[in-house]
2 protein chains.
Amino acid sequence: MTSGLEFDLDRSSPVPLYFQVAEQISEAIRRGDLAPGARLDNEIRLADRLGLSRPTVRQAIQYLVDKGLLVRKRGVGTQVVHGQVRRPVELTGLHDDLRRAGREPSTRVLEITTVPADERTAATLGVPAGTEVVRMERLRYARGEPIALLRNWLPADLLPLTAESLQRRGLYELLRAAGVRLRVANQRVGARAATPTEARLLEDRRGAPLITMERTTYDDRGRAVEHGSHVCRASHYSLEVTLIER
Amino acid sequence: MTSGLEFDLDRSSPVPLYFQVAEQISEAIRRGDLAPGARLDNEIRLADRLGLSRPTVRQAIQYLVDKGLLVRKRGVGTQVVHGQVRRPVELTGLHDDLRRAGREPSTRVLEITTVPADERTAATLGVPAGTEVVRMERLRYARGEPIALLRNWLPADLLPLTAESLQRRGLYELLRAAGVRLRVANQRVGARAATPTEARLLEDRRGAPLITMERTTYDDRGRAVEHGSHVCRASHYSLEVTLIER
DNA sequence: TAGTGGTCTAGACCACAGC
DNA sequence: CTGTGGTCTAGACCACTAG
C-alpha cells in the first residue's frame, strides 16, 4: 500500500504535477518502501490523498508503467513489478552507458571529414544525394582498454564537430547540447567475427566475437540526425533492453 | 496534412475509439497516404473533424508516438517520422519473430523436466527455493536449418507443457493462450564464440559467433513467468529494436 | 503574434476480476 | 456484488515555436 507514503507536491514548480508524483513513487520503489508486488492505492483514493484529479494521477502511473516499474490489471490494481528494472528505457549512446556504469570512457578520433553523401547514406539520412555529411570513425576505450569501433554519418549542417569536442564528450551529449532532441531510434543488433583490421584496432585476436549495432536516430521533427555502424568487443560489453507490452 | 483522409469510426464497437483512430492513422502511414515528414492536423481540428474530444484524439496520437510512428513538437505539430519502423515494439519470442519474417520455424525439444528450483533460479523467478519449476531445452530451426538453442525455466504451476505442444507452437504463444498476459521483459544481449557442444547442435563450426540473450519476463501482476538463456547463430539471425525517448 | 502541443480539472459510464 | 482500471467528455490555462 502507499498509505504510509508521504508525497510532497509543489504547485508553483515548473515541474509537472504528474511528473512530481511519478518521481516520488519511483523513488519509493528504489528505496524499497514499495517492495516488488506491493499494491498501490487505487487511482481515486490516490487522487483524493494528493489533492489531484484522477487523470493527473493516471498520467503519473502510466508514465511508470511505460518505464516498466509498475504493472496494472483491471479489477485488481496497480502493483510494483518483481525484478529490478536494470536500466531505464532511454535513448543513450555508448558513452553515456559506460559512464553510468562507472567505466570512465575515453575516445580516440581516427577520422572526421565532411564529404558529399553517396546514394546509400543520403537515403538513410533522408537528404538529397550529394548533401554534405560528416563521416567519422572513433575508437572508444573504457578503463584504458579498447571497447568499440564507432562509425557515424550525420548531416553537416546540424552542428559543428571537432575531434577535440568528440574526445571529451559523447556524440549524443553534443547533439543534445546543440538543441537536438532525440526521439526515436531504429536499431539492429547482431554479431560476427572480427576482421583483421578490427582485431588490430581493438587489440583483440582475429575472429574474436563482436556485437554489431546499426542505428538510425530521429529528432522531434522526424528527421534523421545520425546513422551509426558500430562493433563492440563482446567480451567487454553487452546491451540491456527493457521491453514493454502496452 | 490529414485533411484528405477519411476516418470511419464505429461507436458501437467494443474497440476503443482512440484505438480505431490510431489504427487508421497507422494504416494511412503504411499505405503511404501519410508520407514521412507529413504534418497531421492539429489536435483540436482533428477532434472536431472526428466528433471526438481532444483527450481522446491525444490518446490516439500518444499511442503512435510511443510506437515510434509519429513525433510531436510543441509549437510545431505532429509529424510522421522519417524512416520506416522496421518492427513494432512488441514483446515477442523467437518463434513469432521467425514466423513474421516468413521463415517457417520449427522446434526440436531436447529436454523438458520438472525439478525443484535451485537458489539462483528461485531468485530469478521470485519463488521460494525448492519450488517446482519446468526446465526445458529446445533447438529452433528455420527453413530446416538450426538457428538457436533455447534454455528456459518457468514456474511449474503456470501451465501444462508437453514436448508435443512446444513442437508446434512457441512458448510465448502457449503462455498467452493459457491466459498469461506478458507485460515487461528485462533482456541482456551479448555475443560469444560457440562451445563445441553448441557448435555440434547448431551444425556450425566451433568458435562461430553467437548472439546471447538472457531474458526474464513478467506478467500483468508483476510476477516472473519465464526466464530464458538463449544462443542464436549470428550468421542466421539479428535483433531489431526501436527505442523511444519520452 | 498566432498556432501548437503540454498540462490539468471534475465529472461520467463501462468492462473485467475476484469473492 | 464490489472494487478496480479503461475509456470518454468539454472545457481551461500555460509554454514553447516560428514568423
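The values are calculated or read from the model by the stated rules, or taken from the named source; none is laboratory data. In this text the structure is predicted, and so the values were computed from the model without any measurement. Positions of Cβ are generated from backbone atoms using ideal geometry, with glycine treated the same way; all protein chains shown enter the neighbour counts. SASA here: full protein model, heavy atoms, side chains in, ligands and nucleic acids out. Shrake-Rupley method; radii C 1.70, N 1.55, O 1.52, S 1.80 Å.
Laid out as a table, the results:
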{"item": "10 Å Cβ neighbours from other chains, averaged over peptide A:188-198", "result": "5"}
{"item": "Mean Cα-pair separation over length for chain B, i.e. relative contact order, pairs under 8 Å, 6 or more apart, %", "result": "15"}
{"item": "Shortest-first distances to equivalent copies, position A:Asp33, nm, label 7 Å out along Cβ", "result": "5.0"}
{"item": "Semi-axis lengths (Å, descending) of the ellipsoid that matches the C-alpha gyration tensor of chain A", "result": "41, 22, 16"}
{"item": "Interface residues, region A:217-246 - accessible area loss of 30 Å² or more versus chain alone, probe 1.4 Å", "result": "A:Tyr218, A:Asp220, A:Arg221, A:Gly222, A:Ser238, A:Leu239, A:Glu240, A:Val241, A:Leu243, A:Ile244, A:Glu245, A:Arg246"}
{"item": "Relative contact order for region B:94-233, counting Cα pairs under 8 Å that sit 6 or more residues apart, in percent", "result": "23"}
{"item": "Heavy-atom accessible surface that B and A bury in contact, both chains counted, 1.4 Å, Å² to 100", "result": "4800"}
{"item": "Computed label-point distance, nm, for sites A:Ala178 and B:Val76 using a 7 Å Cα→Cβ extension", "result": "1.5"}
{"item": "Pairwise Cα inverse-distance average, inverted: Kirkwood Rh of region B:1-76 (Å)", "result": "12.6"}
{"item": "Semi-axis lengths (Å, descending) of the ellipsoid that matches the C-alpha gyration tensor of the protein assembly as shown", "result": "34, 33, 24"}
{"item": "Test item: A:199-210 mean partner chain Cβ contacts at 10 Å", "result": "2"}
{"item": "Carbon plus sulfur fraction of accessible area for chain A, probe 1.4 Å, in percent", "result": "47"}
{"item": "Surface per residue (accessible, 1.4 Å probe) for region B:17-80, Å²", "result": "48"}
{"item": "Total formal charge among the other residues, if their Cβ is under 13 angstrom from that of A:Ile147, Lys/Arg +1 and Asp/Glu -1", "result": "+1"}
{"item": "Dipole-positive endmost among A:Leu239, A:Asn186, A:Thr131 within chain A (Cβ charges, Cα centre)", "result": "A:Leu239"}
{"item": "Sites A:Arg188 and B:Ser165, calculated FRET efficiency, Cβ-Cβ separation with R0 45 Å, nearest 0.05", "result": "0.90"}
{"item": "Top positive-direction residue, dipole computed over region A:17-80 with Cβ charges, set A:Ser26, A:Ala47, A:Val71", "result": "A:Val71"}
{"item": "Nearest-20 debye value, region B:1-71 charge dipole, Cβ charges on Lys, Arg, Asp, Glu", "result": "180"}
{"item": "Cβ-derived FRET efficiency at R0 35 Å, A:Arg39 paired with B:Ile112, nearest 0.05", "result": "0.50"}
{"item": "Accessible area (Å², 1.4 Å probe, nearest 10) - B:Arg54", "result": "110"}
{"item": "P(r) weight above 14 Å for region B:177-246, C-alpha pairs, percent", "result": "66"}
{"item": "Averaged over B:40-47, number of beta-carbon atoms from partner chains that fall within 10 Å", "result": "0"}
